Amino acid sequence: MSNPPDKGQLNLPAIDISSFISWPSTEDGLANFHIPNTTQNGHGNHPEAHLPKPTTAKDLTPAQRTTVTALRAAVRHPGFFYLTGHGVSRELMQRVLELGRQFYTAGDYAAVQKRKRAIARRPCGDKYGDGARGWQDVDAISRNDWHEALDFYAEIDGADQVAAHRAFKASRPDVWPGVDGLLEGRNLYPDHPAAMRDLLPDYVARLCSVGEAVMRALGFALELRDPEFFVGATQDSFWCLRMLGYPPLPPAFRKKEEAEEEEEEDDEEDEEIVGCGAHSDYGCLTMLLTDETPGALKVRVAGGEDGNQEQQGEAKKAKEQWVDADPLPGAYVVNIGDMVEQWTGGWATSTVHKVLHTGDDYRISVPFFYEPAKHVVVRRLPEFGGTDADPEVRYWDHLVSKIDGSFFRKRTSW
Ligand SMILES: O=C(O)CCC(=O)C(=O)O
Ligand SMILES: [Fe+2]
């Protein structure tokens, strides 16, 4: 099987979500930020939180209609878009990227190693170990996944939460028992930069609210009978934030890479990949913040002028291309994940992507994954032809099936 060719830049649609968001987009940093109460009306008591929440399509304002129409087209093809009007200031976005850069690169080699090792991912049951949170080194064995990661998840912390989580797991032992203790824990923060501990929880709270706004818009975009359905499924989101660092490739790998590119046209596509292997994301919505490095994130799209989604099988495959999805200042690069694809029976696309970072700089990227709650069971919706006979997957099981066995040993592509 030969790889789809690399073809230029993808012109992602830009979707302005401001009409679904209830706080001012001009806010500077976090000084005056009131963390929204997402368990009640989703927007807490921010003084400017007065946007009426639409409950039926008839309630939509003209601005909301424009957003919904653009979102409908984007999730069908290419499954990626730029998100603007989200209300997170550029200053805050830069601060988050800078925290990642400091963690990975500030100081001499010994200092960097010391701080990373202090919060290295540990096996379940080890002190603070939950098999998933913390720092994971670059994969030294393979050229695939040439990045390091610092991972944060919604916490399962304290005796009550852990007990409730175990009861939930025990309620369906038939599905995916997984590893005992996996993801039961709290997030690990480095000593340096110390600001990470203060800033990231607030950043996550903001992105949860942005995620909720996009999921609300998506319910209308997909003309669901209950437009709030996705909002409900993502309340108490089992979110994940990753701080990824992509070091430049070692020279030996670069040379090998160049030589092999000529010989190995027929290889499996992962063989040529460095950075992050080809994968789709496994939840609902990925909001990606990256530094300005161009040409790193690549998205696999069906070719043809309109990326014709009706083509099937070989015809569709023959036209596939890898295209760059470069960062747009102030915007998030957003894509939908496997759960949305499953709810829509494949109508909306959880698009395959990869990272190929061949530059000399140390690249930082910070994807935030806004996901369903752990217990949510996902099945094709009746609006998309779903019936009781369709297969279903519980989000927790899907998540664990992706990470179990790969996290502590070698993190493979999702
Ligand atoms: O680093 C990037 O640009 C993308 C990372 C990614 O696709 C992922 O973590 O799922
Ligand atoms: Fe991804």
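Could you tell me which of the residues 294, 329 is more than 16 Å from ligand 2 (Cβ to nearest atom), modelled with pLDDT of 90 or more, farther than 30 Å from residue 237 by Cβ and not in a strand (DSSP E or B)? Full working, then the answer.
Numbers: 329 fails: farther than 30 Å from residue 237 by Cβ.
Going through 294, 329 in turn, just one is more than 16 Å from ligand 2 (Cβ to nearest atom), modelled with pLDDT of 90 or more, farther than 30 Å from residue 237 by Cβ and not in a strand (DSSP E or B): 294.
All told, residue 366 meets the bar of being within 13 Å of ligand 1 (Cβ to nearest atom), in contact with a helix residue (DSSP H, G or I) (Cβ under 7 Å, 6 or more places away or on another chain) and at pLDDT 90 or above. Would you confirm, using the coordinates I've provided, whether residue 386 is more than 16 Å from ligand 2 (Cβ to nearest atom), touching a residue at least 40 places away in the same chain (Cβ under 8 Å), closer than 22 Å to residue 282 by Cβ and assigned to a loop (DSSP other than H, G, I, E, B)? Yes, satisfied. You will find that of 145, 151, the residue that is buried (at least 18 other Cβ atoms within 10 Å of the Cβ) and at positive phi is 145 and no other.
The condition of being in a helix (DSSP H, G or I), of a type outside the set (D, E, K, R) and under 17 Å from the mean Cα position of the chain (by Cα) holds for residue 96. Taking region 193-227 as the range and being surrounded by 17 or more Cβ atoms within 10 Å (Cβ to Cβ) and not in a helix (DSSP H, G or I) as the test, the residues that pass are 193, 222, 224, 227.
The values are calculated or read from the model by the stated rules, or taken from the named source; none is laboratory data. Small disclaimer: the values here were computed from a predicted structure and weren't measured. Note: ideal-geometry Cβ built from the backbone for every residue, glycine included; neighbour counts use all protein chains shown.
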